[in-house]
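First up is the structure itself, then whatever we jot down about it.
The values are calculated or read from the model by the stated rules, or taken from the named source; none is laboratory data. What you see is a predicted model; the values in this text were computed from it and never measured. When we count neighbours, we look across all protein chains shown, and the Cβ atoms used for this are built from the backbone with ideal geometry, even at glycine.
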Amino acid sequence: MKSYDIATIGGGLGGSALAKSMAERGYRVLVVEGTTAFKDRIRGEQLASWGSAEAKELGLYDLLLESNGNEMVWWDIYVGAGRIAHRDLTATTPSRLPNLSFFHPEMQEALIEAAETAGAEVRRGARVTAAKPGADPEVTVEWDGGSETVSCRMVVACDGRNSGARRWGGFERRRDEDRLQIAGLLFEGMEIEADTARLSFNFVESQGALLFPQGGGRVRSYIASWKALHPRLQGEGAKGRFLEEAKKAGLPPETFDGAAPVGPLATFDGADEYVEHPYRDGIALLGDAASSSDPSWGQGLSLTLRDVRTLRDKLLESEDWDAAGHAYAAAHDEYYGRLHTFEDWFTKLMYEPGEAGKRRRMRLMTGELNMEEFDPFQSGPESSEPDAVTREAVLGE
């Protein structure tokens, strides 16, 4: 039986980033990736400023920038036609870094190639059919027409929100109540400033629309909305409706002049899905497998990189990898728990319909709540304490 230090299930952002970082330090790493070529799907394609700092810490930022990254220095927020924030992220965030956007498939290709160059063994077009937890974990891999079971010191599952490893490891999945949903669509030929991300709100309709330029006229647009009030936008036939809803949410109609929608259109539920303490018996969960945060707030990729750095550092600190796994899980619960709380508060502040939501938003419109002074989504989970004092500052309650 072949033996590795780490076997990662999934070769996307989390799996490849960890594989690269550990292989560079001489560890034997196996990456099992189901696809032979990454394809466009609706996923996060933006690192918040604190996520850019995580990429720097992992030695990935320049690699992402050189492959297809686009730096967004400015963060603009509109309510209707009125701009209420024009923020220089390099001057107003703790990291002093911009947001970084990229085309997801190209990002994945760059990172899995970097992992292989660093010395990781990469199997593409392969599938993990079972993972056995315990003191000496094992994974069974179907690849190249055959099946093989390999052993490792730790299985690291980076297989997304529908993770099979959660079931094999005996983890219990938790899910929030439904509130928001988010639809995404890629455009080409959109003439907007490549260094500026835009977020527009229509408070009356409980909607928000986002533009994340990727450079060269390519822009990923999203619409976040209160699920009970708005239809799901899905498939080729709904692209016209997407344009209507984006304009209603506050994006100027001229934004779309000459722009062509390309790629798929899909809508996803915003409810967080997560496990408490994402490590047990030799299996660690990373990224969406551990906690898929509401994509309306754009924290998923940053959280994934924080997971990678935290697990890497815990493994490098100790020869007892079981203890290191538990230390990672405890740290994950702390920083994810903070962001989970902030997401809840800001969902109520920005989107919740009814009189209570209107009262909260009046504080934003009058300047009582300053988004530059308090913005955990750009500054990171440690930027503020999610205590009663902060809750009152955000919600006025």
Could you check the range 339-389 and list, in sequence order, the residues that are within 27 Å of Ser95 (Cβ to Cβ), assigned to a loop (DSSP other than H, G, I, E, B), out of contact with any Phe, Trp or Tyr (no Cβ under 8 Å at 6 or more places or on another chain) and not hydrophobic (A, V, I, L, M, F, W, C)? Gly367, Glu368, Asn370, Glu372, Glu373, Asp375, Glu385, Asp387
Inside the range 85-128, the number of residues satisfying the requirement of being closer than 30 Å to Glu373 by Cα, out of contact with any strand residue (DSSP E or B) (no Cβ under 6 Å at 6 or more places or on another chain) and outside any strand (DSSP E or B) is 9
Testing Asp159 on (1) within 23 Å of the chain's Cα centre (by Cα); (2) surrounded by fewer than 17 Cβ atoms within 10 Å (Cβ to Cβ), one condition comes back false. Which one is that? (2)
Can you confirm whether Leu316 is over 21 Å from the mean Cα position of the chain (by Cα), not aromatic (Phe, Trp, Tyr) and not in a strand (DSSP E or B)? yes
What number of residues in the range 172-206 are under 22 Å from Leu285 (Cα atoms) and either touching a strand residue (DSSP E or B) at 6+ places or on another chain (Cβ under 7 Å) or among the β-branched types (Val, Ile, Thr) (or both)? 3
All but one of (1) more than 19 Å from Thr304 (Cβ to Cβ); (2) in contact with an Asp or Glu (Cβ under 6 Å, 6 or more places away or on another chain) hold for Arg161; state the number of the condition that does not hold. (1)
Pairs only if they're at least six apart or on different chains, beta carbon under 8 angstrom, first in the range 261-280 and assigned to a strand (DSSP E or B), second among the acidic types (Asp, Glu) and surrounded by fewer than 19 Cβ atoms within 10 Å (Cβ to Cβ); list them, first residue then second. Val262/Glu188; Gly263/Asp40; Pro264/Asp40; Leu265/Glu236; Asp269/Asp178; Glu273/Asp176
Condition first: surrounded by fewer than 18 Cβ atoms within 10 Å (Cβ to Cβ), touching a helix residue (DSSP H, G or I) at 6+ places or on another chain (Cβ under 8 Å) and farther than 24 Å from Glu33 by Cβ. Can you find one or more residues in the range 95-102 that meet it? yes
Restricting attention to the range 13-60, which residues are surrounded by fewer than 20 Cβ atoms within 10 Å (Cβ to Cβ), modelled with pLDDT of 95 or more and under 19 Å from the mean Cα position of the chain (by Cα)? Lys56, Glu57, Leu58, Gly59
Selection status of Ala194, hydrophobic (A, V, I, L, M, F, W, C), in a loop (DSSP other than H, G, I, E, B), more than 30 Å from His277 (Cβ to Cβ) and under 23 Å from the mean Cα position of the chain (by Cα): yes
Condition met for Asn202 (out of contact with any Phe, Trp or Tyr (no Cβ under 8 Å at 6 or more places or on another chain), under 30 Å from Lys314 (Cβ atoms) and polar (S, T, N, Q)): no
